[in-house]
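In what follows, a structure is listed as structure tokens, so that the remarks can point back to it.
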Amino acid sequence: MTEPYEALTATTPRVVRRPVLSQRWTDVVFLHWPAAPADVAPLLPHGTRPDVLDGTTYVGLVAFRMEAVAFGRGPAMPYLGTFPETNVRLYSVDARGRRGVVFLSMDAARLLPALAGRAAFRLPYRWASMRISRSGDRLTYTGRRLAAGGAAGYRLTVEAGRPLDGPSDLDMFLTARWGLHADWYGRTLYLPNDHPAWPLHHARVEHLEENLVQAAGLPAPAGPPCSVLYSPGVPALFGVPAAA
């Protein structure tokens, strides 16, 4: 039996009290394009379906700096625990109504964390040469994969603007996600996360070249993103994975 979708909430409906991982995401840029649910459904793990808002789902390109990665609530790993990361993601819901994300690709600038993420959780990490630079409110993110298929990459410059007066339903749908669904050796796992409400800002794309979305198995975006948001970041906790 399929349960009703859980509500969109600014903070998690499932508090993580005993985290397996902690980290911080900083200088986060969210770019999104609309997508047809039928196009993304084949890319989702078994037992999940596209999450939709007014009949539309979305593909996201999310660039940020990962910081202070640690096991549980322990000390942050030096060097290996801080690196740029960029994800291509979709939006999912399972039979229990839990909303989440599905990562199609996760480019990271540290090889060992990328290998660990692939081995432990079967997440689609790729090792890449990446950089984030900032001048005032202008941020530039660049990346290029280093392993097989290294032609995939991107260059993105955005200008961060004023804080949102309040998130719209679409802003909440795209950012307030309290877990991820992943295919783990033939089973679908749900990995919960917990963090404060996103401090979201308006943002404007000044330059974008990318082929990560197409490399992830989706059509190349037709036109500019329909939603561009920036956040200075949040600390995050991940809980124990459970069956979806």
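The values are calculated or read from the model by the stated rules, or taken from the named source; none is laboratory data. Computed from a predicted structure; not experimentally measured. Please note: Cβ atoms are built from the backbone with ideal geometry, for glycine as well, and neighbour counts cover all protein chains shown. We work out accessible area using only protein heavy atoms, side chains counted, and drop any ligands, DNA or RNA first. Shrake-Rupley method; radii C 1.70, N 1.55, O 1.52, S 1.80 Å.
Points to keep in mind about this one:
- Relative packing of peptides 60-67, 187-194, 204-211, 43-50 - highest average C-beta neighbours within 10 Å first: 60-67, 187-194, 43-50, 204-211
- Shape call, the stretch 1-62: gyration tensor on alpha carbons, a/c limit 1.5: oblate
- Shape category assigned to the stretch 55-162 from the gyration tensor of Cα positions, a/c cut at 1.5: rounded
- With contacts taken as Cα pairs under 8 Å at a separation of at least 6 residues, the stretch 1-90 carries a relative contact order of 32 percent.
- In sequence order, the stretch 122-134 has phi-based couplings of 6, 7, x, 6, 10, 6, 9, 7, 9, 8, 10, 10, 9 Hz under the Karplus curve 6.51 cos²θ - 1.76 cosθ + 1.60, θ = phi - 60°, and Gly or Pro positions carry x.
- Under 5 Å, built H, 5+ apart or other chain: amide partners of residue 51: 91, 92, 93
- Centroid-to-centroid separation of the stretch 1-24 and the stretch 38-75 [C-alpha atoms, Å]: 13 Å
- Taking the Cα atoms of the stretch 36-89, the ratio Rg/Rh between the radius of gyration and the Kirkwood radius comes to 1.18.
- In the context of the full set of protein chains, residues of the chain present 46 Å² of accessible surface per residue (probe radius 1.4 Å, heavy atoms only).
- Shape of the stretch 98-244 from the C-alpha gyration tensor: oblate (a/c of 1.5 or more and a/b not above b/c, with a ≥ b ≥ c the square roots of its eigenvalues).
- Fraction of accessible area attributable to carbon and sulfur, the chain (%, probe 1.4 Å): 56 percent
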